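Colleague: Have a look at this one before I ask anything.
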Amino acid sequence: MQPALGGAGASACQLHRGARASALPPRFCAALLAAFVIVVPVTAQAQQNFDNVQIQTLPVQGNVYMLAGAGGNITLQVGKDGVLMVDTEFAPLAPRIMGEIRKLSPGPVRYIINTHVHPDHVGGNDALAKMIPQTPGAPLKIIAHENVLNRMTKPAGAETPEPQPGLPLDEYSTPFKDLRLNGEAIIIYHEPNAHTDGDSVVLFRGSDVVSAGDIFTPGGYPFLDLERGGSVQGEIAALNHILELTVPGHTQEGGTYVIPGHGRICDEADVVEYRDMVVIIRDRIRDMIAKGMTIDQVKAARPSRDYDTEYVSKDSFVTADRFVEAVYKSLKGAK
Ligand SMILES: [Zn+2]
């Protein structure tokens, strides 16, 4: 990341940054495009070896923890009522994920919330659900925006899809959904047409933590999945909404913590920096489109070049060209 916007005091966030720096490469949605066939998680599993993946558990704030392994970060909220998780990584990791959950809480897992449809975020749904004993009167609920359920049940080319296990059958179709667990209000916001068309951001109001999904991936350009309803304008709107939900602490450090889809624990200043980057590159490409430049001319002009050293590495899923092309196509209204 570029220099922090706030002061240089050693905040909890910076400690988190130190802990995260060696834990995760800035790579995300690995094997994602190829993995999207019909039964997404199974295909994804076949392409990745999880033998050496270790799950790291990091306390975030209040009742909330972050689990990092392979795939998207998992958010946990734990307390006397049980456990709520946001996203599930991949099925082969389910025993290790459950092992980490059990170190924090012996209670029932009551909710799984999926931030979006990509297999590195929903892949462990079914495997985990099968490991969770059903508690009378408190069944496990899997929640996501209805566009996630629609995409998981209507894969391309399948006329009569078979019901798949681990589906988010407690879907919502309203601008937000709220619930209460462990004495804390939890609000799930739909962020339309951002990373995909089914993105949710989860606010833990008492713990003061936001789980952002892949709308926010520090260390990598956002993946605008145009094929699944993503757009640059929706991405910016979603980042602005996250900024509405966050309140910084002293010298703009700390305060509300933000758990990204991939990468280290962040705070509002990090999201400001990321939002600014997306807006600046969007504006440059918009100007180039207004001048009548073609996609090849825009790529050749390298409108993201001053950000590439921060957001692109050799392992990046979203290269500079891919991001520029996605922004261009999104602004032109083409997939
Ligand atoms: Zn994703």
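So that you can scan it fast, the table gives a plain yes or no per residue for (1) at pLDDT 95 or above; (2) within 16 Å of the ligand (Cβ to nearest atom):
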{"site": "101", "(1), (2)": "yes, no"}
{"site": "106", "(1), (2)": "no, no"}
{"site": "116", "(1), (2)": "yes, yes"}
{"site": "121", "(1), (2)": "yes, yes"}
{"site": "134", "(1), (2)": "no, no"}
{"site": "152", "(1), (2)": "no, yes"}
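Colleague: List pairs: first residue in segment 131-156 and among the charged types (D, E, K, R), second residue at pLDDT 85 or above and assigned to a helix (DSSP H, G or I) anywhere in the structure, Cβ distance under 7 angstrom, at least six positions apart or on different chains.
Modeller: 151/228
Colleague: Only one residue in 179, 140 is crowded, with 16+ Cβ neighbours inside 10 Å and either under 15 Å from the mean Cα position of the chain (by Cα) or modelled with pLDDT of 95 or more (or both). Which one?
Modeller: Answer to the selection: 179.
Colleague: If I filter segment 99-114 for residues that are aliphatic (A, V, I, L, M) and surrounded by fewer than 18 Cβ atoms within 10 Å (Cβ to Cβ), do I get at least one hit?
Modeller: The answer is yes, given that some residue of segment 99-114 is aliphatic (A, V, I, L, M) and surrounded by fewer than 18 Cβ atoms within 10 Å (Cβ to Cβ).
Colleague: Same structure, new question: When you go through 78, 86, 60 one by one, which is the residue that is open to solvent by less than 40 Å² (accessible area, probe 1.4 Å), within 16 Å of the ligand (Cβ to nearest atom) and modelled with pLDDT of 95 or more?
Modeller: None of the other options fit; the residue is 86.
Colleague: When residues of segment 60-94 are filtered for being over 22 Å from residue 266 (Cβ atoms), touching a helix residue (DSSP H, G or I) at 6+ places or on another chain (Cβ under 7 Å) and not in a loop (DSSP other than H, G, I, E, B), how many remain?
Modeller: 4
Colleague: Which one is nearest to residue 146 (Cα to Cα) among residues in segment 192-223 that are within 15 Å of the ligand (Cβ to nearest atom) and open to solvent by 10 Å² or more (accessible area, probe 1.4 Å)?
Modeller: Applying the filter and picking the extreme gives 197.
Colleague: For residue 227, indicate whether it is surrounded by fewer than 20 Cβ atoms within 10 Å (Cβ to Cβ), within 16 Å of the ligand (Cβ to nearest atom) and either at pLDDT 95 or above or of a type outside the set (Asp, Glu) (or both).
Modeller: It is true that residue 227 is surrounded by fewer than 20 Cβ atoms within 10 Å (Cβ to Cβ), within 16 Å of the ligand (Cβ to nearest atom) and either at pLDDT 95 or above or of a type outside the set (Asp, Glu) (or both).
Colleague: Residue 69 - would you say it is within 16 Å of the ligand (Cβ to nearest atom), buried (at least 24 other Cβ atoms within 10 Å of the Cβ) and either closer than 28 Å to residue 185 by Cβ or touching a residue at least 12 places away in the same chain (Cβ under 8 Å) (or both)?
Modeller: No.
Colleague: Let me ask another. Is it true that some residue in segment 293-304 is without any contact (Cβ under 8 Å) to a residue 60 or more places away in the chain, aliphatic (A, V, I, L, M) and under 30 Å from residue 86 (Cα atoms)?
Modeller: no
Colleague: Under the condition of being part of a loop (DSSP other than H, G, I, E, B) and open to solvent by 80 Å² or more (accessible area, probe 1.4 Å), which residue from segment 46-57 is modelled with the highest pLDDT?
Modeller: Among residues in segment 46-57 that are part of a loop (DSSP other than H, G, I, E, B) and open to solvent by 80 Å² or more (accessible area, probe 1.4 Å), the one modelled with the highest pLDDT is 54.
Colleague: Sticking with this structure for a sec: For segment 192-218, which positions are in contact with a helix residue (DSSP H, G or I) (Cβ under 7 Å, 6 or more places away or on another chain) and more than 17 Å from residue 143 (Cα to Cα)?
Modeller: The answer is 193, 194, 195, 215, 216, 218.
The values are calculated or read from the model by the stated rules, or taken from the named source; none is laboratory data. As the structure is a prediction and not an experimental result, all values here were calculated from the model. Cβ atoms come from the backbone with ideal geometry, glycine included; neighbour counts cover every protein chain shown. Note: accessible area is taken over every heavy atom of the protein model, side chains too, but ligands, DNA and RNA are not part of it. Shrake-Rupley method; radii C 1.70, N 1.55, O 1.52, S 1.80 Å.
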